[in-house]
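K.L.:
Once you've had a glance at the structure underneath, I'll fire off some questions.
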Amino acid sequence: MSTQQLVKDCLRGKPEAQRQLYALFAESMLGLCYRYTKSINDAEDVLQDGFVKVYTSLHQYKSDGPLGAWVRRIMVNTALNFLKKNKKYRDEMYFSEQPLHPVADDNPVLDMDAKELASLIRQLPQGYQTIFNLHAVEGYSHVEIGEMLGISDGTSRSQYARARALLISWIENHSFEIKKGKYAGK
Amino acid sequence: MRENEFEHRVQEKMDHFHLRPSGTVWAEVERRIRKEKRRRFIFWWFLLPVVLAGGIGITLWWMNSKADRSIAHTSISSEKKNNISIRSAENKDSIKNSKIPTNHTTDTAISTGITTAEPATVSPQPNDQEPDIKSPHVQNGIKDPGAGISRATTDKISATQQAVKISSTRQSKKKKENQPRDQGAPITDMQSALASGGGNSSKKDKQIPQTAALPPAELPATAPTLPSIVPVSVTGTEPPAATNQTSSSTTINIPVAPIAALPDDTVQRSVVHTILPGTDTANRTMAKLKLPPLNKKYWVLGVHIGRSSLLDGLGSRKENLFANAFQPVTGGSQLYRPSVVNPGISAGISFYKMHTVSKRIQLAFGFGYDYRSTRMKLGQRIDSIRNVTNSLSNNAFVSNYYRPSTQSVSSDYTNQYHFLYVSGLLDWTIIQGRKVKIGWRNEWQLRILAASTMLHYDYSLPGYYKDNTILRKANIFLQSGLTISAGKRLLINPFVEYSPATILKNGNSSSHYGGMGLRILFSLKK
């Protein structure tokens, strides 16, 4: 079944089509939600809210772009709303105006699987985590991030540079630990 | 760019990062979609009659007000124009209460002037020309037309005055062609006829031939609608037998009011209700023209009786309605099955304050009391304190409960509901006959559940107990039905009703109040 047909059937309220749409995107979108939150339960809550929005806003979807990108955008917005509304996250989402931190140009080797990398991203402070996800993974510009989070693009740049540096240090540490383990094993 | 290499790698890794959600996620998503869909359905279901009734009401109001404006505009504009004639004549003549000499006619323009504050008496000036008023409107339209009215003045009427009359007549002709007979046309006909008589020139007669030569057959419909010849006292030495009677000496007094200070509606009503009383023709025409009593308010007492039931959505009655405080039936004992909930009776009393908005539309606000009931079969009553968990996950203690009905022990139980409510309604008269009026009535009620004896079934007991904390206290009810008049004060109102909100606070229930009944409405107006 083509995506367009799937959308049409969903708009007609066919339960089977709705289930198919869910099955098509649920796993990848839960991965996305997982990166923005601190627990799998919260990630599933975001996923629920996001899919309800997808179904109730499906009539707004225009076929000029891929459905996956549209669903992804809704999930990101839902995740950001969740972080803003949830007190646990809202208190940690503090974006201080800091001097611009130069972005390091080191590019460590990512010899870890996706889940390990996602776990490291989730260990970043909430503000760093959010901006890193938006810029490095979703590809939003700092101006767009500034508008989404209500901060200046300079703050977004600064926070991202710090987040990136911190994550790279963890990745290098992680690589070091793995190597150490390998050597110890030998 | 070296910086982007890291981001690309992260993106690639994350694109392949998938997690399998637990099964409850889809179940919850599906439930919320259904709920949203139902909420929208209810919203539109609720909105549809509102929009429909509103649209019909506005259309009818607009049509009525358009017709009213047409009448008022015609009468007022003609009166204003004719009033100019009076003023012109007054300025020139400046004579009050004078007598009309023989062979002279009154200026017919005075008959329609109502804008001067003081009674105007016009004495026509000598005129060499004999009036040639062929239209018998004057004869029929004025109770005692008087010879003077049938006569025209006057060389002293200015050219301006004549021009006004002619334009008035032309307007009259146009409106007469376009409007129905019982609205503006009769008024203008009369005025035109009078104006044509007043003009009294053969040239004018040629310009307004329709006015001057209306067939007598049209007279009954047209003549009495002459506006604002309000108390016209005509005294003559002998009653006029024909329009060309010229030998009477006539005095005409016309008390008039300033129309500029009156709203359209007032002017219109005063016109309709004061003109030309007495004649049958006039009465008939006035009856035709009788306007609805706008903004009239009165109280109505309503009593109703009917059948009340619980509906599953908009569908049929649901069995096992209160199973395990609304949990699925699975796991229930075959020995104890909860009773089917059967419909019961409903009855109530209500008061409405009716507002007549237009001829066909009535709005009302009211309040009342409603009793509803449903019936079911119960088993033995157990007087024992039990700790139960209701569907809102609240722990509660019940001091007694009922076992489900069995073959050996079975008794009837009535769930009772007592509601107090306020309501608003719109009544649209669809058929307005002389004897029977049929309308469509839509009522919206906000009901507060004041008390209830309703029992809930709990599989864990198993048994029934009373727990009103899970019942929704505030409910919206929609009622729709016909109103059929039975006499001057009684209305019969068969109706159906439905509550879009579920009867329970939690969203899992799909049970709604519904029913049908018959209401008798008694008007308390004098």
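Each value in this text was obtained by applying a stated rule to the coordinates, not by laboratory testing. Predicted, not measured: the structure shown is a model, and the values here were computed from it. With ideal geometry, Cβ positions are generated from the backbone for all residues, glycine too; neighbour counts draw on all protein chains shown.
K.L.:
Amide H neighbours of B:D467 under 5 Å, counting only residues 5+ apart in sequence or on other chains, H built in-plane at 1.01 Å?
P.N.:
Result for B:D467 returns B:H456.
K.L.:
How much FRET efficiency would the formula 1/(1 + (r/R0)^6) give for B:K473 and A:N173, where r is the Cβ-Cβ distance and R0 is 60 Å, rounded to 0.05?
P.N.:
In this case the efficiency is close to 0.50.
K.L.:
Spelling out what I want: for every residue of region B:26-33, take phi, set θ = phi - 60°, compute 6.51 cos²θ - 1.76 cosθ + 1.60 (Karplus), and round to whole Hz; glycine and proline get x.
P.N.:
With coefficients 6.51, -1.76 and 1.60, one gets 5, 4, 5, 4, 4, 4, 5, 5 Hz.
K.L.:
Averaged across B:22-32, how many Cβ atoms of other chains sit within 10 Å of each residue's Cβ atom? Write out the running numbers ahead of the final one.
P.N.:
Numbers: counts 5, 0, 2, 9, 8, 1, 7, 12, 7, 2, 6.
Per residue, the number of nearby Cβ atoms from other chains is 5 on average.
K.L.:
Here is a follow-up. PRE reach from A:T56 (point 7 Å along Cα→Cβ): which of region B:444-479 fall under 11 Å by backbone N?
P.N.:
No residue qualifies, since no backbone N sits under 11 Å from the label point.
K.L.:
Per the Kirkwood formula on distinct C-alpha pairs, the Rh of region B:345-441 is how many angstrom?
P.N.:
On the way: mean 1/r = 0.0554 Å⁻¹.
Kirkwood radius, region B:345-441: 18.0 Å.
K.L.:
Given contacts defined as C-alpha pairs under 8 Å and at least six residues apart, what's the relative contact order of chain A, whole-number percent? Write down the numbers at each step before the final one.
P.N.:
Values: 164 pairs, mean separation 37.6, N = 186.
The value is 20 percent.
K.L.:
State, to one decimal in nm², a quarter of the convex hull surface area for the C-alpha atoms of chain A, i.e. the direction-averaged projected area. Mind showing how you got there, number by number?
P.N.:
Values: hull surface 52.6 nm².
With the hull built on Cα positions only, its mean projection is 13.2 nm².
K.L.:
Along region B:299-310, what does the Karplus equation 6.51 cos²θ - 1.76 cosθ + 1.60 (θ = phi - 60°) give for ³J(HN,Hα), rounded to whole Hz, x for Gly and Pro?
P.N.:
9, 10, 9, x, 10, 9, 9, x, 10, 10, 8, 10
K.L.:
Order of B:377-388, A:75-86 by packing, highest average Cβ count within 10 Å first?
P.N.:
Values: B:377-388: 14.2, A:75-86: 18.7.
Descending mean neighbour count gives A:75-86, B:377-388.
K.L.:
What is the local net charge at A:F82, summed over the other residues whose Cβ is closer than 12 Å to its Cβ (Lys, Arg +1; Asp, Glu -1)? Kindly include the intermediate steps, with their values, before the conclusion.
P.N.:
On the way: positive: A:K38, A:K53, A:K84, A:K85, A:K87, A:K88, A:R90; negative: A:D42, A:E44, A:D45, A:D49.
Local charge sum for A:F82: +3.
K.L.:
Around A:I145, with a cut-off of 10 angstrom between Cβ atoms, what is the net charge of the other residues, counting Lys and Arg +1 and Asp and Glu -1?
P.N.:
Value of the local net charge: -3.
K.L.:
Related question: Counting other beta carbons within 10 Å of each residue's own, what order do A:H174, B:H456 fall into, fewest first?
P.N.:
In increasing order of surrounding Cβ atoms, one gets A:H174, B:H456.
K.L.:
Here is a further query. Enumerate the amide H contacts of B:T483 below 5 Å, restricted to partners 5 or more residues apart or on another chain; note that Pro and chain-start residues carry no placed amide H.
P.N.:
B:G439, B:W440, B:R441
K.L.:
Now for a separate question. Simple spin-label model, 7 Å along Cα-to-Cβ: A:N107 to A:K14 in nm?
P.N.:
Modelled inter-label distance: 4.6 nm.
K.L.:
Quick one: putting +1 on the C-beta of Lys and Arg, -1 on the C-beta of Asp and Glu, what dipole do you get for region A:3-88 around its Cα centre, in Debye to the nearest 20?
P.N.:
320
K.L.:
Now, a different point. Within region B:1-40, name every residue whose backbone N is under 18 Å away from a label modeled 7 Å from Cα of A:A165 along the Cβ vector.
P.N.:
B:3-4, B:6-7
K.L.:
In nm, to one decimal, how far is the modelled label at B:H8 from the one at A:K88, with both set 7 Å along Cα→Cβ?
P.N.:
It is 3.8 nm.
K.L.:
Roughly how crowded by other chains is peptide A:42-55, in terms of the mean Cβ count from those chains within 10 Å of each of its Cβ atoms?
P.N.:
4
K.L.:
Just want the ordering: A:K62, B:K473, from fewest to most Cβ atoms lying within 10 Å of their own Cβ.
P.N.:
A:K62, B:K473
K.L.:
Sticking with this one: Quick one: which residues, 5+ away or cross-chain, put their amide H under 5 Å from the amide H of B:N400? H built at 1.01 Å from N.
P.N.:
Result for B:N400 returns B:S384.
K.L.:
Still on this structure, I have one more. What's the whole-number percent of alpha carbon pairs in region A:3-88 lying beyond 17 angstrom?
P.N.:
44
K.L.:
Further question: Provide the per-residue ³J(HN,Hα) series for region A:42-50, in order, calculated from phi with Karplus coefficients 6.51, -1.76, 1.60 and θ = phi - 60°, each as a whole number of Hz, with x at glycine and proline positions.
P.N.:
Result, ordered by residue: 5, 4, 5, 4, 5, 4, 4, 4, x Hz.
K.L.:
To make sure I understand, if each residue's beta carbon is the centre and we count other beta carbons within 10 Å, what order do A:D113, B:D427 fall in, fewest to most?
P.N.:
A:D113, B:D427
K.L.:
Next up: What pairs in A:K38/B:K37; A:K38/B:K505; A:K14/A:K115; A:K8/B:K35; A:K14/A:K84 have C-alpha atoms more than 27 Å from each other?
P.N.:
From the list (A:K38/B:K37; A:K38/B:K505; A:K14/A:K115; A:K8/B:K35; A:K14/A:K84), the Cα-Cα distance tops 27 Å for A:K38/B:K37; A:K38/B:K505; A:K14/A:K115; A:K14/A:K84.
K.L.:
Starting from 0.36 nm per residue, how many nanometres of slack lie between B:K353 and B:V340 once their C-alpha separation is accounted for?
P.N.:
0.7 nm
K.L.:
Give me the one-decimal nm value for the distance between modelled label points at A:S152 and B:V422, 7 Å along each residue's Cα-to-Cβ direction.
P.N.:
In this crude label model, A:S152 to B:V422 measures out at 5.3 nm.
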